[in-house]
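First comes the structure, then the notes that go with it.
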Amino acid sequence: MTFVGFFGCILLAFAPAFSVFLLVISRNAQLIILSIGGSFFWLLSALLAAIWWYIIPPLRTAYPWIIICSIIFQEALRFGFFSLYVRAEKGFIAERERQTASLTSHPDPLRANIAIGWGAGVAHSLVSYVTLLWEYSGPASYFSHNCSVSIFIVMAVQSFCFIVLHMLWSIIGYEGFVSRNPIKMSVVVLTHLCASFLTMLNMASCGAGMSMVVILTLGVSAYTFYVCRGSRVYHVSCLPCFNCTEERQK
Amino acid sequence: MWATTVLLGLCACVSIVNSAGVYEHLYTSVTSFPCTRLANTTNLIGCTSSKNGDAGELWPIQSEADIDDFHNHKSRTAKIIVLSPSLLNAKIINKLYSESKIAGFIVSPTGNDTYPTSLSLEEEHPNKKYGLYPNSTVVWNPKGNTLSYDQIHIPVYYIPYTDYVTEGVLEKAKSNAHTDGYPKWGARLSSWMAASGPTSTCLRRTQCDPLGGKSTWSAIGGSIDQSKDIVLLVAHLDATALFHDKAIGADATVSGKVAAIVAAKALSQAYRSYGPFNKQVIVALFDGESWGYLGSKRFVRDIQSFNCKQRGATEDVCLDPYSISMAFKDIQFDKIDTIVEIGMVGNLQTTGGNTTLYAHTDNTKAPGSSALPAFFQAAGQSLNITVNDVASSHSAAELPPSSVMSFLLKKPIKSVVIAEHSGPYTNPYYGSHLDDFKNINSDHVTRVAQLIANTVLTLAGSSSSNVSIDANLTSQLIYCFSNSFHCDLTDRYLGGGLPVYPTQYTGVWNWGSVSAQSKLAHDVLFDVTKSNTTNTACSTASDCAVGADCIAGNCTYGWTHYHDALSIGLDFDYNGGGGYIENDEWDKNGATWTESRWDSTVLEIYQADSPSSELVVLSFGVVITLASMLTVWAIGRYYPFSRS
């Protein structure tokens with residue numbers, strides 16, 4: 001395939017990333033810094049997973065265990081970043097009280113977590129998809145068994161979902177972390193495991209992995225709305241919450 | 001900032017690690033042999049791809065009917081044609097290329113491995129302008145379609161039948177033609193050739209190297225007795241084909257050179273058994289003969305006039321002008337009395353137990369030659385070989401293209417060319433990759449070697465005229481040269497490590513290195529004519545005492561030498577950094593062929609998506625991006641993201 005297909009896949013995979021960056025993150029300098037922080041922590045987790053993969057030889061071909069270990073690192077660093085952020089937040093609040101005029105306003109937690117998740121999701125897609133996609137700019141494509149849709153298109157849709165999922169996981173995870181809610185935190189880890197294992201279906205089947213990841217993303221989105229609705233962390237607002245006007249007024 | 005740097009750095013590292021693995025999943029490289037590019041003093045020939053290779057969907061053309069089907073198909077995507085060898089000619093290639101969008105050709109045999117009735121990509125009169133009859137009208141190779149000398153602007157590759165992938169490629173092409181849907185199979189042919197102009201341009205730009213190699217010659221019995229007249233037994237060492245890696249030339253070259261080596265062994269034994277001959281016998285195998293008689297022309301020039309200005313450390317080498325061996329100084333050109341050349345002798349006409357050979361002479365250009373066929377006829381009688389004197393039945397007969405021409409151009413010397421054909425070549429595959437081991441009969445070659453050995457003994461005035469022939473050596477040599485380089489003889493003499501597929505292509509000349517086929521011929525010839533072998537183990541000649549060479553791991557004494565086969569229009573500038581100097585022979589000598597340099601040649605097979613699906617993906621990508629913008633904006637209506 002040529003560059004036409006290459007750019008088509010880039011647009012498809014990064015559609016949510018472009019929109020959120022343009023309409024949310026780019027509006028606030030602190031959000032940009034947070035998103036870079038999110039990317040950096042995700043890359044650190046990838047680096048740790050790679051070291052782990054390297055020092056334990058039996059792990060090198062045991063793909064399910066690689067996925068499990070890598071997710072443990074990713075989630076550990078996600079919550080590590082949250083704890084740093086919570087500490088910094090206290091400082092930010094103190095600073096805001098002391099000094100009224102700051103360069104840019106301090107973002108609220110929901111937008112901050114969208115930015116952190118955005119950073120992780122974009123780093124994830126850049127590393128795991130764009131590096132592979134580069135080969136797609138040549139004449140060849142790759143098709144999984146009995147499939148007439150190129151695996152690069154399947155993976156573009158999955159990258160789309162993973163960028164959205166990382167933002168949602170960040171929102172749910174932060175809420176769970178701050179409110180010490182083990183259910184919310186484990187939902188993040190379990191759906192992450194689930195989504196990652198679904199990508200293993202790509203080689204065997206045509207589109208099954210892809211459609212299940214899309215369904216999972218819709219499910220996690222719905223759960224996020226549910227989490228936000230009753231959230232004290234995201235007290236500023238709740239996403240389309242038509243019946244929580246009371247909370248907003250508080 | 002540092003975080004961004006680390007981020008980018010990590011991305012780069014991961015991408016390098018990932019890409020290597022993915023590439024191998026997308027592209028399968030196939031054992032294949034490219035058509036490469038050559039240059040002579042006036043133009044370029046052969047094939048080249050574009051710099052990054054040419055890609056297209058596979059499409060089979062195995063018959064004339066397929067060509068019509070292809071034209072009716074009317075596809076706009078570039079195609080790589082999987083072509084049957086029987087259709088390999090300039091007319092079809094140019095017709096397909098000019099009428100359709102074709103990115104390249106893969107020549108692949110049809111599944112059942114049947115050869116076409118004939119295939120010759122050579123000229124009708126090979127090497128005519130470099131030979132004795134530049135204005136000749138004789139057609140020696142009527143089946144020749146001269147494709148090897150055309151300039152082809154797209155890559156052409158050959159896939160050998162013996163490789164298991166061959167049928168796969170043809171089947172993939174057929175499945176492309178029989179199904180409308182995607183994915184389809186594609187191929188990318190990368191064989192970019194650096195040469196951008198004729199020899200003098202590309203040598204100056206160091207984009208090419210001169211063709212040539214090392215001839216090899218041996219004085220039978222001992223060091224040359226300069227008082228004696230010389231009987232010279234000559235054969236070609238090299239062959240050519242469009243695909244140089246498959247220039248097997250079993251009949252074209254292997255038959256003649258094997259007969260010469262085996263005859264040399266018999267002559268050497270006769271010398272030892274019956275004592276010295278009245279005349280000095282020399283056996284010479286000339287390299288680069290396919291490219292305007294490079295080996296024989298330089299040999300003739302050197303034995304006529306060679307003035308070494310600077311000897312090398314070993315005394316045998318001359319550095320200025322460069323020559324790998326100075327042993328030829330013992331040969332006096334004027335002492336050459338008779339030349340016997342063995343041409344194509346791999347597949348003789350046979351009726352009952354009787355085989356027929358033809359002796360070609362030209363009594364006008366070389367007076368006295370007409371007496372020579374009688375010697376062969378006499379020797380043939382006891383061997384059931386009928387030797388026909390071609391000149392007696394054809395008025396104004398010419399010699400077939402042969403190395404003796406290089407000698408006759410300088411001086412009339414009695415000479416004869418022994419061959420399987422009386423007029424036009426009977427070898428249907430002359431100058432193509434199909435001239436392989438199936439096109440040659442080991443038994444015929446043994447019989448020719450016997451005839452040649454007996455006749456040369458008579459011509460040289462030996463007391464005996466019947467010697468025993470090593471038929472086993474014949475079949476071993478034929479197997480090595482035309483079937484597989486992985487053979488007993490290469491293990492013994494070259495120590496293995498060679499590619500499987502043998503080629504007789506001369507390659508590019510290099511002052512210090514010798515091609516595998518040239519070294520094998522040299523070492524076997526050395527071994528069968530040697531004086532004695534010492535027990536000193538060695539790996540190269542420098543491990544041995546002066547005068548000895550390293551043959552099959554032992555220091556051996558003998559009278560076999562290399563001689564450079566490089567265009568006489570070029571001098572190698574050993575002292576001046578290894579360039580080539582065009583000398584005063586340059587303009588007169590068109591035979592200054594050079595081979596283009598290249599980085600790598602590779603044929604890759606892959607699966608491709610339809611070009612329209614790319615546009616679908618692109619438009620889908622745009623729509624999804626706009627939709628996500630709208631969604632984020634809509635959510636922002638409830639939750640004002642942009643508020644500061």
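The values are calculated or read from the model by the stated rules, or taken from the named source; none is laboratory data. Fair warning: this is a prediction, and the values are worked out from it, not measured in the lab. Quick reminder, even Gly has a Cβ in these numbers, built from the backbone with ideal geometry, and neighbours come from all protein chains shown. Just so you know, the surface numbers come from the protein's heavy atoms only, side chains and all, with ligands and any DNA or RNA stripped out. Shrake-Rupley method; radii C 1.70, N 1.55, O 1.52, S 1.80 Å.
Against the test of being over 30 Å from B:Ser464 (Cα atoms) and under 24 Å from the mean Cα position of the chain (by Cα), the options B:Ala187, B:Ala250, B:Ala259 yield a single qualifying residue, B:Ala250. Residues of the range B:430-445 that are assigned to a helix (DSSP H, G or I) and open to solvent by less than 20 Å² (accessible area, probe 1.4 Å): B:Asn439, B:His444, B:Val445. Scanning the range B:562-574 turns up one or more residues that are open to solvent by 50 Å² or more (accessible area, probe 1.4 Å) and farther than 18 Å from B:Phe286 by Cβ.
Among the residues of the range A:182-229 satisfying the criterion of being open to solvent by 60 Å² or more (accessible area, probe 1.4 Å) and not in a helix (DSSP H, G or I), which is farthest from A:Ile153 (Cα to Cα)? Of everything passing the filter in the range A:182-229, A:Ala204 is farthest from A:Ile153 (Cα to Cα).
Just give me the residues in the range A:127-146 being over 17 Å from A:Ser196 (Cβ atoms) and within 9 Å of chain B (Cβ to nearest Cβ), in sequence order. Hits for the range A:127-146 are A:Val130, A:Thr131, A:Trp134, A:Glu135, A:Tyr136, A:Gly138, A:Pro139, A:Ala140, A:Ser141, A:Tyr142, A:Phe143.
Residue-wise test of (1) open to solvent by 50 Å² or more (accessible area, probe 1.4 Å); (2) touching a strand residue (DSSP E or B) at 6+ places or on another chain (Cβ under 8 Å); (3) touching a residue at least 40 places away in the same chain (Cβ under 8 Å); (4) more than 7 Å from chain A (Cβ to nearest Cβ).
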| residue | (1), (2), (3), (4) |
| --- | --- |
| B:Tyr580 | yes, yes, yes, yes |
| B:Asn583 | no, yes, no, yes |
| B:Trp586 | no, yes, yes, yes |
| B:Ala591 | no, no, yes, yes |
| B:Leu603 | no, yes, yes, yes |
| B:Ser612 | yes, no, no, yes |
| B:Leu615 | yes, no, no, no |
| B:Leu626 | yes, no, no, yes |
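A:Leu59 - would you say it is within 19 Å of A:Val164 (Cβ to Cβ), modelled with pLDDT under 95 and surrounded by 14 or more Cβ atoms within 10 Å (Cβ to Cβ)? In short, no.
Residues that are buried (at least 20 other Cβ atoms within 10 Å of the Cβ) and farther than 24 Å from B:Thr36 by Cβ within the range B:67-108 comprise just one, B:Phe70.
If I filter the range B:463-484 down to residues being open to solvent by 10 Å² or more (accessible area, probe 1.4 Å) and not polar (S, T, N, Q), which single residue comes out as farthest from B:Gly579 (Cα to Cα)? Top of the filtered list is B:Val467. Remark: A:Ala13 matches the filter, which requires a residue to be in contact (Cβ under 8 Å) with a residue 60 or more places away in the chain and either more than 7 Å from chain B (Cβ to nearest Cβ) or not aliphatic (A, V, I, L, M) (or both). Would you check if there is a residue in the range B:513-531 being in contact with an Asp or Glu (Cβ under 9 Å, 6 or more places away or on another chain), part of a loop (DSSP other than H, G, I, E, B), at pLDDT below 90 and over 29 Å from B:Asp573 (Cα atoms)? Scanning the range B:513-531 turns up no residue that is in contact with an Asp or Glu (Cβ under 9 Å, 6 or more places away or on another chain), part of a loop (DSSP other than H, G, I, E, B), at pLDDT below 90 and over 29 Å from B:Asp573 (Cα atoms).
Scanning the range B:327-350 for residues that are open to solvent by less than 10 Å² (accessible area, probe 1.4 Å), more than 30 Å from B:Asp435 (Cβ to Cβ) and part of a loop (DSSP other than H, G, I, E, B) yields a single hit, B:Ile331. The C-beta contact set for the range A:181-204 (first residue among the basic types (Lys, Arg), second residue crowded, with 16+ Cβ neighbours inside 10 Å, distance under 7 angstrom, 6+ apart or interchain) comprises A:Lys184/A:Ile172; A:Lys184/A:Glu175; A:Lys184/A:Gly176; A:Lys184/A:Val227.
Given the condition part of a helix (DSSP H, G or I), touching a Ser or Thr at 6+ places or on another chain (Cβ under 7 Å) and in contact (Cβ under 8 Å) with a residue 60 or more places away in the chain, answer yes or no: does some residue in the range A:44-56 qualify? No: zero hits. In this structure, A:Ile67 does satisfy being in contact (Cβ under 8 Å) with a residue 60 or more places away in the chain and more than 10 Å from chain B (Cβ to nearest Cβ). When the range B:521-543 is filtered for residues that are free of Cβ contacts under 8 Å to residues at least 12 places away in the same chain and open to solvent by less than 20 Å² (accessible area, probe 1.4 Å), nothing remains.
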